[in-house]
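K.L.:
After the structure tokens below, expect a handful of questions from me.
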Number of protein chains: 2
Amino acid sequence: MRILITGISGFVARHFVELLSGLPDHFIIAGIYNRNMPEFTENEFPNVCCRFHKMDLLNSGQLQELIASFRPAYILHLGSRSSVVYSWKHPAETIRQNTGIFTAIIESLRTLNLNCRLLSVGSAEEYGIVEESALPIVESLSPNPASPYGVSRVMQQNLAELYTKNYGLDIVHTRSFNHIGAYQSSDFVLSSFARQIIRQQQMGRQEIELSVGNIEVTRDFTDVRDVVKAYYLLLQKGKSGEVYNICSNKPVILKDLLRIFEAITGTRIHCVLDPNSFHPSENKQVFGSYAKIRKETGWTPLIPIESTLADLLNYWSAKLLVANCEQ
Amino acid sequence: MRILITGISGFVARHFVELLSGLPDHFIIAGIYNRNMPEFTENEFPNVCCRFHKMDLLNSGQLQELIASFRPAYILHLGSRSSVVYSWKHPAETIRQNTGIFTAIIESLRTLNLNCRLLSVGSAEEYGIVEESALPIVESLSPNPASPYGVSRVMQQNLAELYTKNYGLDIVHTRSFNHIGAYQSSDFVLSSFARQIIRQQQMGRQEIELSVGNIEVTRDFTDVRDVVKAYYLLLQKGKSGEVYNICSNKPVILKDLLRIFEAITGTRIHCVLDPNSFHPSENKQVFGSYAKIRKETGWTPLIPIESTLADLLNYWSAKLLVANCEQ
């Protein structure tokens, strides 16, 4: 089975390929990266045949050439600007890039007229500001995006629906809630926490000074290994033109996760507010319903948050240890 | 009062400047055009001081320079790809241009931090496919865009709201329904009909062969002279961050307008279906409510459709006569 993955250097792509490597089918992957090298080598997973291609996804001619020659059965589209914080600082660039990349992909598929399914990975940020009475969020809730990043994802979903209905493309769109795990950049909240804790612990501290944003908010976190299973199931069983939440349906207050970090590491955490980490507009509470994807694909999230956080700490432990040795 | 107008070469801009020329205030206009020259000269309306600037609105540096030096109190943003038909043929270009132009404007305003109100002209196409039970359409209806053009306008409205709420910009957004009048391009349905009728009449025919798309659909048409009054009122009295329908609230079936054309011109019209004029997806019936703008600004549409069509025919009569003489 031939799968094209955009954003192969991201942590989600790595976990997706790792998932494929454990399956009985034979997979051939073309992975597109741009600035950063992937987190793994082409030969890291021997059961999967992987080739990396360096390419700016805004270069629609080059992208179309690759799709035409590779002829994927599936495209997993992960290659976007995906930080809400970054989007507040660079709104126009976020809009331009995410929109330009997505139109390059769907225009390639329209032009080539391939029999290919696209998984369009979107975000819970499409919902934007949500009333408490609308929780848990279901897919039929009207989008009300509250960040430049969210606006770019709403555009993506609108285009996905339009191209499915009117140009006959086969696109399934996700609204993925926060997901976490090894290899995630420390630009994201829990990865940032884990990295700070491990770094200080490796310096011999048991009293951790943690730089945080607003930790009173309630969020919905899913282990990235569960998320990539959902992506694989949607590529196979999702309904074209439909939108699926991918989430845990379990609201957790960020603050409470600090207690789990303390318990695992045997540290005490003291929070220091970082004013740069606050967003101009933000929901106090977000969590979603995964009833639709469960009904249509059988997916449910399986990995408890405690295991996820333990694995995340182990990842940073190993990574920072190596970094220290290399110094 | 200093007003920057994007899309000064369009027919709406001409009518807007004509409206200003009849008002007691003193107006200084900077008008931006790109490919086409404006439909009028800088000195056509002596009461208004008008300067034209040739510029690609995607050139954000040049745009920002002009805004910085002109320091407008108001911006009327008309300069977009505005044909639904064109957007079906060139979806990516429509999305890229309309989004790029709008972000260039709002980023300029954000950077310059001017005390300037922007009227963001959007479209009824943002509503997309609408259930009959939702008619007449009110502004609180969720967007469900059904054309690439519609998707680009939803993005524009989302950005307008975002920049108002989070970056403190002063933006009012319209959802303008079909509007018609002299100087409108014959790419648009009623202007196309009027042009065809007059051309054949000037060739001596009383039996008109009219190339049409789907004329069974119901639409909401407003005279462009009423529309530009609404724009002027919204620049002065609209609420920042809000969205306003501009429409007639009077559904008319396209087919019925042919009877009015026949009565005015004394011709008989025979329709020939042009398969190129059908859109992939289309509402059977669209009309809007203007209760919100009436309540907040006092605006109501005043010109009856019969006068509008008569004036439109007169316009084409004069224009084609001149064209014939010039041959």
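K.L.:
B:Tyr183 fails exactly one of the following numbered conditions: (1) of a type outside the set (A, V, I, L, M, F, W, C); (2) away from every other protein chain (no Cβ under 14 Å); (3) not in a loop (DSSP other than H, G, I, E, B). What is the number of that condition?
P.N.:
Tallying (1) of a type outside the set (A, V, I, L, M, F, W, C); (2) away from every other protein chain (no Cβ under 14 Å); (3) not in a loop (DSSP other than H, G, I, E, B), B:Tyr183 fails exactly one: (3).
K.L.:
Within segment A:150-157, is there a residue that is under 22 Å from A:Asn324 (Cα atoms) and either surrounded by 21 or more Cβ atoms within 10 Å (Cβ to Cβ) or in contact with a His (Cβ under 9 Å, 6 or more places away or on another chain) (or both)? Quick ask: steps written out before the conclusion?
P.N.:
Within segment A:150-157, the first condition is being under 22 Å from A:Asn324 (Cα atoms), and the residues that meet it are none.
No, every residue in segment A:150-157 fails to be under 22 Å from A:Asn324 (Cα atoms) and either surrounded by 21 or more Cβ atoms within 10 Å (Cβ to Cβ) or in contact with a His (Cβ under 9 Å, 6 or more places away or on another chain) (or both).
Table: residues versus (1) over 25 Å from A:Ser140 (Cα atoms); (2) out of contact with any strand residue (DSSP E or B) (no Cβ under 9 Å at 6 or more places or on another chain).
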site: A:Lys239; (1), (2): no, no
site: A:Lys255; (1), (2): yes, no
site: A:Arg259; (1), (2): yes, no
site: A:Pro275; (1), (2): yes, yes
site: A:Phe287; (1), (2): no, no
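K.L.:
Taking the residues in segment B:250-291 that are more than 30 Å from A:Lys165 (Cβ to Cβ) and of a type in the set (Lys, Arg) as candidates, determine which candidate is nearest to the other protein chains (Cβ to nearest Cβ).
P.N.:
Among them, the one singled out is B:Arg259.
K.L.:
Please report, ordered by residue number, the strands (runs of 3 or more DSSP E) entirely within segment B:21-79 with at least 1 residues that are of a type in the set (A, V, I, L, M) and under 22 Å from B:Ser185 (Cα atoms).
P.N.:
Those strands (runs of 3 or more DSSP E) span B:27-33, B:74-77.
K.L.:
Is at least one residue of segment B:160-170 small (Gly, Ala, Ser), touching a helix residue (DSSP H, G or I) at 6+ places or on another chain (Cβ under 9 Å), under 30 Å from A:Trp88 (Cβ atoms) and surrounded by fewer than 22 Cβ atoms within 10 Å (Cβ to Cβ)?
P.N.:
Step one: of segment B:160-170, the residues small (Gly, Ala, Ser) are B:160, B:168.
With touching a helix residue (DSSP H, G or I) at 6+ places or on another chain (Cβ under 9 Å) added as a condition, the list becomes B:160, B:168.
Then drop every residue that is not under 30 Å from A:Trp88 (Cβ atoms), which leaves B:160, B:168.
After this cut, where a residue has to be surrounded by fewer than 22 Cβ atoms within 10 Å (Cβ to Cβ) as well, the list is B:168.
Within segment B:160-170, one or more residues are small (Gly, Ala, Ser), touching a helix residue (DSSP H, G or I) at 6+ places or on another chain (Cβ under 9 Å), under 30 Å from A:Trp88 (Cβ atoms) and surrounded by fewer than 22 Cβ atoms within 10 Å (Cβ to Cβ).
K.L.:
Could I ask something else about it? Show me the strands (runs of 3 or more DSSP E) entirely contained within segment A:213-283 in which 1 or more residues are within 24 Å of A:Phe11 (Cα to Cα).
P.N.:
Qualifying strands (runs of 3 or more DSSP E): A:218-220, A:243-246, A:251-253.
K.L.:
Looking at (1) of a type outside the set (Asp, Glu); (2) surrounded by fewer than 24 Cβ atoms within 10 Å (Cβ to Cβ); (3) in a helix (DSSP H, G or I), which is the one condition that is false for A:Leu114?
P.N.:
(3)
K.L.:
Could you identify the single residue in A:Val172, A:Val130 that is modelled with pLDDT of 95 or more and not in a helix (DSSP H, G or I)?
P.N.:
From the options A:Val172, A:Val130, the qualifying one is A:Val172.
K.L.:
Test A:Ser211 against the stated conditions and say whether it is touching an Asp or Glu at 6+ places or on another chain (Cβ under 6 Å), surrounded by fewer than 21 Cβ atoms within 10 Å (Cβ to Cβ) and either assigned by TED's automatic domain parsing to the domain that holds A:Arg110 or touching a residue at least 60 places away in the same chain (Cβ under 8 Å) (or both).
P.N.:
For A:Ser211, the condition - touching an Asp or Glu at 6+ places or on another chain (Cβ under 6 Å), surrounded by fewer than 21 Cβ atoms within 10 Å (Cβ to Cβ) and either assigned by TED's automatic domain parsing to the domain that holds A:Arg110 or touching a residue at least 60 places away in the same chain (Cβ under 8 Å) (or both) - is met.
K.L.:
Among the residues of segment B:164-177, write down those that are farther than 25 Å from B:Cys247 by Cβ and either β-branched (Val, Ile, Thr) or within 9 Å of chain A (Cβ to nearest Cβ) (or both).
P.N.:
Correct list: B:Lys165, B:Asn166, B:Tyr167.
K.L.:
Still on this structure, I have one more. Determine which single condition B:Pro46 fails, assuming it passes every other condition in (1) touching a Gly at 6+ places or on another chain (Cβ under 9 Å); (2) in contact (Cβ under 8 Å) with a residue 24 or more places away in the chain; (3) not aromatic (Phe, Trp, Tyr).
P.N.:
It fails just one condition, (1).
K.L.:
Identify the single condition in (1) buried (at least 24 other Cβ atoms within 10 Å of the Cβ); (2) within 14 Å of chain B (Cβ to nearest Cβ); (3) β-branched (Val, Ile, Thr) that A:Ile246 does not satisfy, given that it satisfies every other one.
P.N.:
The one condition A:Ile246 does not meet is (2).
K.L.:
With the structure loaded, tell me whether A:Leu109 is at pLDDT 95 or above and in a strand (DSSP E or B) or whether it fails that test.
P.N.:
no
K.L.:
Further question: Need pairs with beta-carbon distance below 6 Å; first residue surrounded by 18 or more Cβ atoms within 10 Å (Cβ to Cβ) and within segment B:61-83, second among the polar types (S, T, N, Q) and in a helix (DSSP H, G or I); sequence gap 6+ or separate chains.
P.N.:
B:Leu63/B:Ser108; B:Ile67/B:Ser108; B:Ser80/B:Asn98; B:Arg81/B:Thr94; B:Arg81/B:Gln97; B:Arg81/B:Asn98
K.L.:
Pick out the one residue from A:Tyr149, A:Tyr86, A:Tyr74 that is within 13 Å of chain B (Cβ to nearest Cβ) and among the aromatic types (Phe, Trp, Tyr).
P.N.:
Of the residues listed, the single one that is within 13 Å of chain B (Cβ to nearest Cβ) and among the aromatic types (Phe, Trp, Tyr) is A:Tyr149.
K.L.:
Let me ask something else. Checking B:Ala291 against (1) closer than 27 Å to B:Ile129 by Cβ; (2) among the small types (Gly, Ala, Ser); (3) touching a strand residue (DSSP E or B) at 6+ places or on another chain (Cβ under 7 Å), which single condition isn't satisfied?
P.N.:
(3)
K.L.:
Another question about this same structure. In the set B:Tyr149, B:Tyr163, which member is outside the structural domain of B:Val272 (by TED's automatic domain parsing) and within 19 Å of B:Phe11 (Cβ to Cβ)?
P.N.:
Numbers: B:Tyr163 fails: within 19 Å of B:Phe11 (Cβ to Cβ).
On inspection, the qualifying residue turns out to be B:Tyr149.
K.L.:
Please count how many residues of segment A:165-181 are among the charged types (D, E, K, R) and free of Cβ contacts under 8 Å to residues at least 40 places away in the same chain.
P.N.:
Residues flagged as among the charged types (D, E, K, R) and free of Cβ contacts under 8 Å to residues at least 40 places away in the same chain within segment A:165-181 amount to 0.
K.L.:
If you check B:Met203 against the conditions, is it buried (at least 18 other Cβ atoms within 10 Å of the Cβ) and over 13 Å from the mean Cα position of the chain (by Cα)?
P.N.:
In short, no.
K.L.:
Report whether or not A:Ile106 is among the aliphatic types (A, V, I, L, M), over 16 Å from the mean Cα position of the chain (by Cα) and farther than 21 Å from B:Pro145 by Cα.
P.N.:
no
K.L.:
Then there is this: Just one of B:Ile269, B:Ile303, B:Ile264, B:Ile260 is within 19 Å of the chain's Cα centre (by Cα) and in contact (Cβ under 8 Å) with a residue 12 or more places away in the chain; which is it?
P.N.:
Residue meeting the stated conditions: B:Ile303.
K.L.:
Take the residues in segment A:89-101 that are of a type outside the set (A, V, I, L, M) and more than 8 Å from chain B (Cβ to nearest Cβ), then tell me which one is nearest to the chain's Cα centre (by Cα).
P.N.:
A:Asn98
K.L.:
Okay, moving on. Among the candidates A:Thr103, A:Thr111, A:Thr99, which residue alone is within 17 Å of B:Leu162 (Cβ to Cβ) and among the polar types (S, T, N, Q)?
P.N.:
A:Thr99 is the lone residue from the list that is within 17 Å of B:Leu162 (Cβ to Cβ) and among the polar types (S, T, N, Q).
K.L.:
Also: Could you look through segment B:80-93, keep only residues that are part of a loop (DSSP other than H, G, I, E, B) and not basic (Lys, Arg), and pick out the one that is farthest from B:Met1 (Cα to Cα)?
P.N.:
Once the filter is applied, the top-ranked residue is B:His90.
The values are calculated or read from the model by the stated rules, or taken from the named source; none is laboratory data. Quick caveat, the model's predicted, so the values are computed rather than measured. Note that we place each Cβ from the backbone using ideal geometry, even for glycine, and neighbour counts take in every protein chain shown.
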